[in-house]
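First up is the structure itself, then whatever we jot down about it.
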Amino acid sequence: DARLSMGTEVGIGALTGLCTCVVMNPFEVIKTRLQVADNGAGPSVFNEIFKVTYSEGALGLFRGLAALWARDIPFNALFFGSYETLTTVLMQVQNVTSRDGLSSASVCFAGGAA
């Protein structure tokens, strides 16, 4: 089982956070606008998408992306780096050569501690 360095794992986590934010941001924009909408007939997802893209263009769906990046990139970088490092240490302590050899409790511990 090939192990990557902690720095590589942190970098992969950061890249994961960056990509996830780009995909999820339009949903966050629509969700937030629906939450604050004052629409007596009830909010409509498709109506809100139309309103955003009509008034702000497609880039309006990415409003607030920098704030999402500021939150998610560091979190994912630290989480992935910590989790991978902890599982590697647990593998050495338990004298197993693969993550598959770790007990469920060890994997849960690593995930919770990360």
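The values are calculated or read from the model by the stated rules, or taken from the named source; none is laboratory data. Not measured: the values here are computed from a predicted model. Cβ placement follows ideal geometry from the backbone for every residue including glycine, while neighbour counts extend to all protein chains displayed. Each accessible area value is taken on the protein alone, full model and side chains, heavy atoms only, with ligands, DNA and RNA left out. Shrake-Rupley method; radii C 1.70, N 1.55, O 1.52, S 1.80 Å.
Each Cα pair under 8 Å and six or more residues apart adds its sequence gap; the mean of these over the residue count of the chain is a relative contact order of 37 percent.
Measuring only protein heavy atoms, the 1.4 Å probe finds residue 55 accessible over about 90 Å². In terms of accessible area, using a 1.4 Å probe and ignoring ligands and nucleic acids, 91, 24, 6 rank largest first as 6, 24, 91.
Rounding to the nearest 20 debye, state how big the charge dipole of the chain is about its Cα centre with +1 on each Lys and Arg Cβ and -1 on each Asp and Glu Cβ. Don't skip to the answer; put the middle values down first.
Numbers: 7 positive and 9 negative charges, 30 e Å.
Taking the Cα centre of the chain as origin, the dipole is about 140 debye.
Taking Lys and Arg as +1 and Asp and Glu as -1, the other residues whose beta-carbon sits under 15 Å from that of residue 49 total +1. Values (1) 22, 17, 13; (2) 25, 15, 9; (3) 41, 15, 10 are given for comparison; semi-axes √(5λ) of the Cα gyration tensor in Å, derived from the coordinates here, is the one labelled (3).
Sites listed here are trypsin sites (Lys or Arg not before Pro) in the stretch 1-83 whose DSSP assignment is loop and whose Cβ has at most 15 other Cβ atoms within 10 Å: 3.
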